[in-house]
C-alpha cells in the first residue's frame, strides 16, 4: 500500500474522480490505525470473513487468505480492468495500472460529453 500512497498523485489523479479502496481481511480497527499511522490517502474496507475475496476470485482457499488482485472499476460500476496476482514490486505493474485508470477515466469523460 505504500507504493500506492507514494504514487497516488500520478496513478490516481490525486484522488480527483478516482476512489481507491484497499480491501483487507484485517479488522477495521487495525486498518484504521495503520491508515492513520502511514498517512494513506485512500480508503480501506475490512473483509474479515473474506466474502469480497471469495466473490471476486481473490480468495486462496488452500492458504486461507486473499491474493493481491487488483480491479479497476469504471464510473458506471463495471469492472474495467483486472490484474490478477498484482506484482507490487514490478514497475510494469504500475505502468499497466496507470494506463487502466487513464483509460477508464477517458471512457467516462467521453460518455459525459
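Coordinate-derived values only; no laboratory data. Quick caveat: nothing in here was measured; it's all calculated off a predicted structure. Quick reminder, even Gly has a Cβ in these numbers, built from the backbone with ideal geometry, and neighbours come from all protein chains shown.
Quick one: in the stretch 59-72, of everything that is in contact (Cβ under 8 Å) with a residue 12 or more places away in the chain and touching a strand residue (DSSP E or B) at 6+ places or on another chain (Cβ under 6 Å), which residue is surrounded by the fewest Cβ atoms within 10 Å (Cβ to Cβ)?
Checked the stretch 59-72; the qualifying residue surrounded by the fewest Cβ atoms within 10 Å (Cβ to Cβ) is 67.
Name the single residue that is surrounded by the fewest Cβ atoms within 10 Å (Cβ to Cβ) among those in the stretch 26-58 being touching a helix residue (DSSP H, G or I) at 6+ places or on another chain (Cβ under 7 Å) and farther than 27 Å from residue 95 by Cβ.
46
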